[in-house]
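Notes follow the structure.
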Amino acid sequence: MTGSLVIVGTGPGRPELMTPAAQLALAGANDLVGYGPYLDRVPLRRGQCRHVSDNRAELERARHALTLAASGRDVAVVSGGDPGVFAMAAAVFEAVEAGDPAWRSLDIRVEPGVTAMLAAAAEVGAPLGGDFCAISLSDNLKSWATIERRLTAAAKADFVIALYNPASKARPHQLAQAFALLRSVKMQTTPVLFVRAAGTTEAKVVASSLAGADASLADMRTLIIVGASTTRRVGRWIYTPRSERDVAA
Ligand code: SAH
C-alpha cells in the first residue's frame, strides 16, 4: 500500500489566491477531507470522494485522513489560508505523534497557502512591513493566562500583532479584554485594523485607533492587526516602515 497525504492551503478565499501547486495537489487526490465551507470552495472531479467534518473535530479529521492514506488512498486535507497557521498541518502531526507508529513512514507533505494576515495586510497597504507576530485568541487549546502573557510580551516588544480567532459565539468578551490589556502597554493612537473576509470579493476594512477599537466589530472571519509604534497612515494606506528611524524626517 502506498497511499499519501497532502495538507493543502486553499488561501483566504478568492480562487486566484490559491497556488497552482495547491490546485494540482487537490486534483491529484482520491479523497478530500475537510471542514464543509472549505471543501465547498474546491471543485470536485469525477471519482473523488468528499469527507466533510465539523470545524472543531480537527484531531479526529486528521486521524481519519491518516487512516485513509494508510489504506492506500491519496488523500488531501483541505485547510483555509495556510495549513500550518493555526490549522490542520499541526493537527495531522499531532495525530502522527500520538497514533499508529506506521503513520510515521507515510508519504505526508504540506502545500502552503496565503494566510489571512498576509491577505489582510494587502487590503490596507503594508502594516507587516516591520517585525510582527501572530497570536490566536482562541483558548480552546491554551489558557487565557498564556494568551495574556504573550499579548503583553508582544506589546512590550513593539511588534505589529496579527490577531487570529478574535471572537466567536462561544467567546464574545475576550477581544475586549485583549484590547484593554494592549491599551495598558501601547500608545492609545496605535492603528488597529479590522479586516473581514480578506482576499475575497466581500473584503471589508475598518481602521481605528487602539483607544477607539470596538471589539464588537470582529467575528470569526475577521483578522485584526494592531500596529507597532511606527505604524502609520500615508494617503489611504496604512504601513509600517522597514526602518525604526523616522523615515519621513
Ligand atoms: N489557517 C488559516 C487560519 C485559521 S484560524 C489561515 O492561514 O488563514 C481562523 C481565523 O483566521 C479566523 O477566525 C480569522 O481570524 C482568520 N481568517 C481566516 N480567513 C480569513 C479571511 N479571509 N479574512 C480575515 N480573517 C480570516
Check your understanding: Does A155 qualify as being over 23 Å from P83 (Cβ atoms) and at pLDDT 95 or above?
Key -> yes
Review point. Can you name the number of the only condition in (1) free of Cβ contacts under 8 Å to residues at least 24 places away in the same chain; (2) of a type in the set (S, T, N, Q); (3) within 23 Å of T222 (Cα to Cα) that S105 fails?
Key: (3)
Review point. Going by the conditions given, is G47 of a type outside the set (A, V, I, L, M), out of contact with any strand residue (DSSP E or B) (no Cβ under 6 Å at 6 or more places or on another chain) and over 16 Å from G199 (Cβ atoms)?
Key: yes
Revision key, fill the gap. Going through the stretch 42-66 in order, the residues found to be within 16 Å of the ligand (Cβ to nearest atom) and under 22 Å from S168 (Cα atoms) are S53, D54, N55, R56, A57, E58, L59, R61
Practice item. Would you confirm whether any residue within the stretch 201-212 is farther than 24 Å from V234 by Cβ, out of contact with any Pro (no Cβ under 6 Å at 6 or more places or on another chain) and free of Cβ contacts under 8 Å to residues at least 24 places away in the same chain? Key: yes
Check your understanding: surrounded by fewer than 22 Cβ atoms within 10 Å (Cβ to Cβ), more than 16 Å from the chain's Cα centre (by Cα) and more than 16 Å from the ligand (Cβ to nearest atom): does that describe A69?
Key -> no
Check your understanding: Looking at (1) modelled with pLDDT of 95 or more; (2) surrounded by fewer than 17 Cβ atoms within 10 Å (Cβ to Cβ); (3) in contact with a strand residue (DSSP E or B) (Cβ under 7 Å, 6 or more places away or on another chain), which is the only condition E16 fails?
Key -> (3)
**Study point:** Matching strands (runs of 3 or more DSSP E) fully within the stretch 195-249 where at least 2 residues are open to solvent by less than 70 Å² (accessible area, probe 1.4 Å)
**Key:** 204-209, 222-226, 237-239
Study note, to complete from the structure: (1) out of contact with any Asp or Glu (no Cβ under 6 Å at 6 or more places or on another chain); (2) farther than 20 Å from V234 by Cα all hold for G113 apart from (1)
Exercise for review: Would you check if V8 is open to solvent by 60 Å² or more (accessible area, probe 1.4 Å), among the hydrophobic types (A, V, I, L, M, F, W, C) and not in a loop (DSSP other than H, G, I, E, B)?
Suggested key: no
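The values are calculated or read from the model by the stated rules, or taken from the named source; none is laboratory data. In this text, all values refer to a predicted model and were calculated from it rather than measured experimentally. Note that we place each Cβ from the backbone using ideal geometry, even for glycine, and neighbour counts take in every protein chain shown. Accessible surface areas use protein heavy atoms only, side chains included; no ligands, DNA or RNA. Shrake-Rupley method; radii C 1.70, N 1.55, O 1.52, S 1.80 Å.
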